[in-house]
Amino acid sequence: MVRPIGERDDDGGRYKGVRMRKWGKWVAEVRQPNSRGRIWLGSYKTSKEAARAYDAAVFCLRGNSAKLNFLDNPPDIADAVDSSKAQIKEVALRQAGRGAEKEGR
């Protein structure tokens, strides 16, 4: 189901690293440290899934100094610093799915 343009999730959809496409999908990307480059994290059904993917990716890149969207529920990642782009994307996708499971989806 596609949301009408401009419709947001109940939470307002305002998360760092997350935006809504005009056709209703939520997308996430993160900037690489000390670079203009970005890592594309994918498209998600909800803004919360995309925000959890962002949190996982930024935690992989910056470790404990990362500024997360969900401070009370940080990603469950052990020793993720110095990961490749592909590894970061994989971890982000896994964490986004784990967040949806916790919410009962």
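The values are calculated or read from the model by the stated rules, or taken from the named source; none is laboratory data. The structure presented is a predicted model; accordingly, all values stated were derived computationally and were not measured. A quick note on method: Cβ atoms are made from the backbone with ideal geometry, for glycine too, and the neighbour counts reach across all protein chains shown. Just the protein is used for accessible areas: all its heavy atoms, side chains included, with ligands, DNA and RNA removed. Shrake-Rupley method; radii C 1.70, N 1.55, O 1.52, S 1.80 Å.
Could you tell me whether any residue of the stretch 58-73 is over 13 Å from VAL30 (Cβ atoms) and in contact with a Leu (Cβ under 8 Å, 6 or more places away or on another chain)? Quick ask: steps written out before the conclusion?
As a first pass, look at the stretch 58-73 and keep what is over 13 Å from VAL30 (Cβ atoms): 63-65, 70-73.
Now restrict to residues that are in contact with a Leu (Cβ under 8 Å, 6 or more places away or on another chain): none.
No - not one qualifying residue is present in the stretch 58-73.
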What are the residues in the stretch 19-43 that are open to solvent by 50 Å² or more (accessible area, probe 1.4 Å) and in a strand (DSSP E or B), if any?
ARG19, ARG31, ARG38, TRP40, SER43
When you look at GLY99, is it surrounded by 15 or more Cβ atoms within 10 Å (Cβ to Cβ) and modelled with pLDDT under 85, yes or no?
yes
Which members of the stretch 50-73 meet the condition of being in contact with a helix residue (DSSP H, G or I) (Cβ under 6 Å, 6 or more places away or on another chain) and open to solvent by 30 Å² or more (accessible area, probe 1.4 Å)?
ARG52, LEU68, ASN69
